[in-house]
Amino acid sequence: MQQAWNRTHAEQPLVQQPQAEVVHFAEYLCTCLPHGALVLDAGCGRGRNARHLCKLGFAVCACDLSPSAIAIAQQQTASAHFQVADLTHLPYPDNYFAASVCSRVLPYHTKSDLVRSLGELWRVLQPDGKLYLDLLDCTDAEYGKGTEIESHTFLDEGQVPIHFCTRAEIEDMLKGFRIEYEARLVQGSNRVVWEFWLSKGTLP
Ligand SMILES: C[S@@+](CC[C@H](N)C(=O)[O-])C[C@H]1O[C@@H](n2cnc3c(N)ncnc32)[C@H](O)[C@@H]1O
């Protein structure tokens, strides 16, 4: 997995602009968190969103599975603290971050790793901490491409798992969070993405 993501980051052009949905979420964070609040970019890639969060005055930690991505991200944004880490085992204490962004990362998991990573994101958030995340819907046009390794999870050409969610599955996975905002976005002709703004609640 790490090698596949290293290859992707080496081959694809560097995108400098933050993701539009994250910009929108970051505006919301500015209305509810103090200047300098600690924010995590989980699965930061080459750091476009971490850089934006720094510019807004947040203290930013960011992590990614890919050492190549982390090296580039740290070069681009000296003010954030980057480290190589797997979302399924985050190297941060409980109740640490006021907010976290996890954009375009969770779909690239098997179901069990997805549940583990969500548990880790929940663990490291402060009570009432805010979380942005997105998931792919089962009606996405890429659904069914590649080898199915478990229900709704397919291996892509680079052997990266992609998990597509049903609505019932999402409700079950997000039980420990309060949903503040959600949107089902149809992007271009093929992507169907669920976007969520969450607050850390209590685990059932
Ligand atoms: C499509 S890129 C998105 C990067 C970034 N969030 C962005 O929006 O620019 C997906 C990223 O997730 C990272 N990733 C995938 N699985 C991960 C995991 N289990 N732990 C940490 N990072 C992971 C990959 O290395 C890759 O950089």
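Please list, ordered by chain and number, the residues whose modelled amide H lies under 5 Å from the amide H of Leu106; skip anything fewer than 5 residues away on the same chain.
Residues meeting the amide H criterion: Asp134.
Roughly how big is the chain's charge dipole about its Cα centre, with Cβ charges of +1 (Lys, Arg) and -1 (Asp, Glu), in debye to the nearest 20?
Using only the charged Cβ atoms, the result is roughly 500 debye.
Mind putting a number on the dipole of region 127-177 about its Cα centre? Charges go on the C-beta only, +1 for Lys and Arg and -1 for Asp and Glu, and I need it in Debye to the nearest 20.
Magnitude of the dipole: close to 160 debye.
Rank the residues Thr153, Thr88 as a footprinting-exposure proxy: fewest other Cβ atoms within 10 Å of their Cβ go first.
If I rank by nearby Cβ atoms, fewest first, I get Thr88, Thr153.
Grab the other residues whose beta carbon is less than 13 angstrom from that of Asp86, score K and R as +1, D and E as -1, and report the net.
-2
Can you list residues from other chains, or at least 5 along the same chain, whose modelled amide H is less than 5 Å from the amide H of Phe82?
Hits under the 5 Å cutoff: Ala62.
Take every DSSP beta bridge with both residues inside the chain and express the antiparallel ones as a percent of the total, to the nearest 5.
Percent antiparallel among DSSP bridges in the chain is about 55.
How much mean residue ellipticity at 222 nm does the chain get from its helices, if each DSSP H run of length 4 or more adds -39500 (n - 2.57) and you divide by all residues, to the nearest 500 deg cm²/dmol?
Mean residue ellipticity at 222 nm (helix-derived): -9000 deg cm²/dmol.
Of Leu114, Leu29, Leu185, which has the largest mean-square fluctuation in a 10 Å C-alpha GNM of the chain?
Sorting by GNM fluctuation, first place goes to Leu185.
Within a 10 angstrom radius of the beta carbon, how do Ser79, Ser66 rank from fewest other beta carbons to most?
With the fewest neighbours first, Ser79, Ser66 line up as Ser79, Ser66.
Just Ser68, Ser103, Ser151 to compare: in a GNM of the chain, with alpha carbon springs under 10 Å, which one fluctuates most?
Ser151
Most exposed first by the Cβ proxy, i.e. fewest other Cβ within 10 Å, how do Lys200, Lys175 rank?
Lys175, Lys200
Apply the Karplus parameterisation 6.51 cos²θ - 1.76 cosθ + 1.60, with θ equal to phi minus 60°, to every residue of region 129-139 and state each ³J(HN,Hα) to the nearest whole Hz, in sequence, with x for glycine and proline.
Those phi angles translate into x, 9, 9, 9, 8, 9, 9, 8, 8, 5, 8 Hz.
Longest segment of the chain with no GluC sites (Glu not before Pro) in a DSSP loop having at most 15 other Cβ atoms within 10 Å?
Here the longest segment lacking exposed loop sites spans 1-141.
For Phe177, which sequence-distant residues (separation of 5 or more, or a different chain) have an amide H within less than 5 Å of its own amide H, given hydrogens modelled in the peptide plane?
Gly201
Rule-based calculations on the coordinates, nothing more; no lab input. It should be emphasised that the depicted structure is a prediction, and the values quoted were computed from it without experimental measurement. Virtual Cβ from ideal backbone geometry, glycine too; neighbours counted across all protein chains shown.
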